[in-house]
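This report refers to the structure that appears directly beneath it.
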Amino acid sequence: MKFLGIIPARYASTRFPAKPLAILGGKTVIQRVYEQVAGILDDAYVATDDERIEKAVKAFGGKVVMTSVHHKSGTDRCYEACVKIGGDFDVVVNIQGDEPFIQPSQLNAVKACFEDPTTQIATLVKPFTADEPFAVLENVNSPKVVVNANWNALYFSRSIIPYQRNAEKKDWLKGHTYYKHIGLYAYRTEVLREITALPQSSLEIAESLEQLRWLENGYKIKVGISEVETIGIDTPQDLARAEEFLKNRL
């Protein structure tokens, strides 16, 4: 199978404008993401709507494709980029442009989901550990996932699912394995075309989680496991944390 990696990257961001061009350890954030992905997949492109990002990617020797400024999601941007790039790719992998520490093991885990010929869409989860504070589980910015026996997603929620009716909240992490969603997606090329044509769904609007649109319309999302904790860059404070992480790793 052939895998195409696409890294959507917008210049405009409410919490952190120009985030892809922020410097982390002497390189832009978008360069660090690209370098983590290149070589693991069959090909990789940054998909952007801004000429400054396009110029920066070309400057470090990366591949880039310009896309519309009107996309509402990274998935929509991925589909336009996929159409423009062309080729005979079986699967498109959507890598967030603010994940400079994404690991090869994570990309390989999502690729492995497609060893099952029935897989339409794949994503990753990371188990919460029993010693984490309850506040971490409660964080609405960290969606939770429940899966069935075949490791297909049943539901994603910003709330804690499942609710343990007969246990104290302080014991929830000890009594059940909860899964944190990692926002890495991969789609069979024809499925990507189909899901980008779907209108927003009621569950998606309620939770503000795009993947619920796909579940609500009957698509299956295969779930792979990652034990890796990465640092996403959402704010300037996250960038400072990432800089410290990088220094400690070297």
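Where residues in the range 8-41 are surrounded by fewer than 19 Cβ atoms within 10 Å (Cβ to Cβ) and of a type in the set (Ser, Thr, Tyr), which of them is farthest from residue 109 (Cα to Cα)?
Within the range 8-41, the match that is farthest from residue 109 (Cα to Cα) is 14.
For residue 83, all conditions in the list (1) under 28 Å from residue 205 (Cα atoms); (2) modelled with pLDDT of 95 or more; (3) crowded, with 22+ Cβ neighbours inside 10 Å hold save one; what is the number of the exception?
(3)
Look at residue 92 and say whether it is assigned to a helix (DSSP H, G or I), among the hydrophobic types (A, V, I, L, M, F, W, C), at pLDDT 95 or above and under 28 Å from residue 127 (Cα atoms).
Numbers: assigned to a helix (DSSP H, G or I): no; among the hydrophobic types (A, V, I, L, M, F, W, C): yes; at pLDDT 95 or above: yes; under 28 Å from residue 127 (Cα atoms): yes.
Considered against the rule, which asks whether it is assigned to a helix (DSSP H, G or I), among the hydrophobic types (A, V, I, L, M, F, W, C), at pLDDT 95 or above and under 28 Å from residue 127 (Cα atoms), residue 92 comes out as no.
Sort out which residues of the range 201-216 are surrounded by fewer than 13 Cβ atoms within 10 Å (Cβ to Cβ) and either in a loop (DSSP other than H, G, I, E, B) or under 21 Å from the mean Cα position of the chain (by Cα) (or both), and write them in order of number.
205, 206, 208
Being part of a helix (DSSP H, G or I) and either surrounded by fewer than 18 Cβ atoms within 10 Å (Cβ to Cβ) or at negative phi (or both): is that true of residue 65 here?
Values: part of a helix (DSSP H, G or I): no; either surrounded by fewer than 18 Cβ atoms within 10 Å (Cβ to Cβ) or at negative phi (or both): yes.
Considered against the rule, which asks whether it is part of a helix (DSSP H, G or I) and either surrounded by fewer than 18 Cβ atoms within 10 Å (Cβ to Cβ) or at negative phi (or both), residue 65 comes out as no.
Cβ-Cβ distance below 9 Å, separation of 6 or more or different chains: which pairs start in the range 151-164 with a residue that is without any contact (Cβ under 8 Å) to a residue 60 or more places away in the chain and over 20 Å from residue 114 (Cα atoms) and end on one that is among the hydroxyl-bearing types (Ser, Thr, Tyr) and open to solvent by 70 Å² or more (accessible area, probe 1.4 Å)?
158/208
Conditions (1) open to solvent by less than 50 Å² (accessible area, probe 1.4 Å); (2) out of contact with any Asp or Glu (no Cβ under 7 Å at 6 or more places or on another chain); (3) of a type outside the set (Lys, Arg), marked per residue:
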position: 100; (1), (2), (3): yes, yes, yes
position: 114; (1), (2), (3): yes, yes, yes
position: 138; (1), (2), (3): no, yes, yes
position: 141; (1), (2), (3): no, yes, yes
position: 144; (1), (2), (3): yes, yes, no
position: 147; (1), (2), (3): yes, yes, yes
position: 154; (1), (2), (3): no, yes, yes
position: 170; (1), (2), (3): no, yes, no
position: 184; (1), (2), (3): yes, yes, yes
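Are any residues in the range 149-193 in a helix (DSSP H, G or I) and within 19 Å of the chain's Cα centre (by Cα), and if so, which ones?
Within the range 149-193, 189, 191, 192, 193 qualify.
Given the conditions (1) closer than 29 Å to residue 115 by Cβ; (2) free of Cβ contacts under 8 Å to residues at least 12 places away in the same chain, and given that residue 195 satisfies all but one, which numbered condition is not satisfied?
(2)
Do you know which residues across the range 95-118 are within 23 Å of residue 47 (Cα to Cα) and in a loop (DSSP other than H, G, I, E, B)?
Once the filter is applied, which keeps residues that are within 23 Å of residue 47 (Cα to Cα) and in a loop (DSSP other than H, G, I, E, B), the range 95-118 yields 95, 96, 97, 98, 99, 100, 101, 102, 103.
The values are calculated or read from the model by the stated rules, or taken from the named source; none is laboratory data. It should be emphasised that the depicted structure is a prediction, and the values quoted were computed from it without experimental measurement. Using ideal geometry, Cβ is built from the backbone for each residue, glycine included, and neighbour counts are taken over all protein chains shown. Just so you know, the surface numbers come from the protein's heavy atoms only, side chains and all, with ligands and any DNA or RNA stripped out. Shrake-Rupley method; radii C 1.70, N 1.55, O 1.52, S 1.80 Å.
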